[in-house]
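J.: First, the structure itself, so that you have it in front of you.
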Amino acid sequence: MAAALDALGDTIEGVIKGIQQKWRDSEGEPGILDSLRGFAAAVNWREPWLCSLLAAQALVLLSIFLFRRSLTFLCIVFFAAVGIVYNAERLNGLLHQHWEKFAGQPYFDAHGVFTSTVLSAPLLLDMLIILVILVLQSSQLLIKVKRKELRYNARQRHLQENPPESFPSKKTS
């Protein structure tokens, strides 16, 4: 047992040392905030197609909150988003071939970074919000059903302990 604990401790120590070494090696490289600033500066956010895409995503997000009580609507939006994210690679390839027709510069690279950032990431956020809404609605429904079950059981116990008196029948004379 002691040997197993020593081996586990050595493994954890090795992992920690490896992380510390990688941390020291990456100190001179630009951070994520620098990369995001560079990305935002490289994109012309005033292009009509990009403004339309961002407006559509804002409309989808707003509609998710407005129609949060409609299971059908949420499921339609969720599965449409799943389909778009699933086909984002194909869509990126198609947009890469025809970018001159609608964009001022070639945003669509072979790795799909722009498509993932501008299209897929907001849709994934929308899907996460839908899942959170559905989990909250499910938990509220579970609470409601459990309360009704407890009331029913209390009523049944009360009826067993105090049976209702039968109504006296009318005596006919």
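Every number in this text was worked out from the coordinates using simple rules, so none of it is lab data. Remember, predicted model here, so these are calculated numbers, not experimental data. Because the Cβ atoms are built from the backbone with ideal geometry, glycine has one as well, and the counts that use them run over all protein chains shown.
J.: Sort out for me the Cα centre separation of segment 57-84 from segment 1-26, rounded to whole Å.
T.: Measuring centre to centre over Cα atoms gives 45 Å.
J.: With each run of n ≥ 4 DSSP H residues scored as -39500 (n - 2.57), what mean residue ellipticity at 222 nm is computed for the chain after dividing by its residue count and rounding to the nearest 500 deg cm²/dmol?
T.: Values: 6 runs with 121 residues, N = 173.
It lands at -24000 deg cm²/dmol.
J.: So, one more: Quick one: length gained pulling Val82 to Gln137 fully straight, 0.36 nm per residue minus the C-alpha distance?
T.: Numbers: separation 55, 0.36 × 55 = 19.80 nm, distance 2.10 nm.
This chain segment gains 17.7 nm when fully extended.
J.: Now for a different question. What distance in nm separates the two pseudo spin-label positions at His98 and Leu8, each 7 Å out from Cα along the beta-carbon direction?
T.: Inter-label distance under the simple model: 5.8 nm.
J.: With a/c under 1.5 counting as rounded, go ahead and sort the chain into rounded, prolate or oblate using the C-alpha gyration tensor (a ≥ b ≥ c being the square roots of the eigenvalues; past the cut-off, prolate if a/b is larger than b/c, else oblate). Show your work: numbers first, answer last.
T.: Values: a/c = 4.40, a/b = 1.65, b/c = 2.67.
Oblate.
J.: Sticking with this structure for a sec: Just to verify a number: FRET efficiency for Val113 and Val15, C-beta to C-beta distance, R0 = 30 Å, to 0.05? Before the final figure, lay out the partial values.
T.: On the way: r = 30 Å, r/R0 = 0.99.
The pair Val113/Val15 has a calculated efficiency of 0.50.
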